[in-house]
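The values are calculated or read from the model by the stated rules, or taken from the named source; none is laboratory data. Computed from a predicted structure; not experimentally measured. Methodologically, a virtual Cβ is constructed for each residue, glycine included, from the backbone with ideal geometry; neighbour enumeration extends over all protein chains shown. The area values use the complete protein model at the heavy-atom level, side chains included, leaving out ligands, DNA and RNA. Shrake-Rupley method; radii C 1.70, N 1.55, O 1.52, S 1.80 Å.
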Amino acid sequence: LYCKEPVFLLIGGFTGLRLFLQYFHDKNLLKLNDGKQFLKTYFLEICLLFLSGTFLLIYFSLGGIANLFGQNPSSYSSVRAIGVFPVLASYLYFDPFLAIFFAALICRVIYLIFAKKPPDFFWDPLAFGAFLYFLSYIKLELFSTRYMAPVDLIAILYLSQFVYLLVKKKKALLLLMIFLISFVVFGRNLSY
């Protein structure tokens, strides 16, 4: 996947935002003068950022940056590009779960801003990485239903966290709404 698709954006976005949030949340992070302690605490995030950076370095050295951003007229992306708006409309039409995921993501950001609550240090950066991955295909103007498989997986996991909290409250209207949305998405995917 690293060589074929822009998964580096998903991984780099996830780990970059995770470190950024941790930087503002952990007051001791600013006082960590010891590089060993910093590496020990954030080893996984640093390794994932290193992998994403290595991918970019290899891709850049092979002249792939022009292909990555669709600037090479004979590249795979420029030959199969169909336009930004048709790609966006196609993804949202064939995969309505994406629209639900992005609506929930926007609602979550608005809620966190107005409630002045800290974001989740795992789920919110993961959703951000999935959003960057989605945007890369919009920028490349490429459409295929299989391209959004990582985003769909993350969306299911991300939304399941919040649905679980709603189910715990046992409010009949919310449960009915969740069931209807799930039924429509399942029916749409089954018909496709």
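Across the range 145-192, which residue is modelled with the lowest pLDDT among those that are touching a Phe, Trp or Tyr at 6+ places or on another chain (Cβ under 6 Å) and among the aliphatic types (A, V, I, L, M)?
185
Return the residues of the range 145-163 that are over 20 Å from residue 106 (Cβ atoms) and open to solvent by less than 20 Å² (accessible area, probe 1.4 Å); say none if nothing qualifies.
If the condition is that a residue be over 20 Å from residue 106 (Cβ atoms) and open to solvent by less than 20 Å² (accessible area, probe 1.4 Å), then 147 is the only one that fits.
Please pick out the residue among 11, 106, 110, 100 that is under 21 Å from the mean Cα position of the chain (by Cα), over 30 Å from residue 180 (Cα atoms) and at pLDDT 85 or above.
Working: 106 fails: over 30 Å from residue 180 (Cα atoms); 110 fails: over 30 Å from residue 180 (Cα atoms); 100 fails: over 30 Å from residue 180 (Cα atoms).
When all the criteria are applied, what remains is 11.
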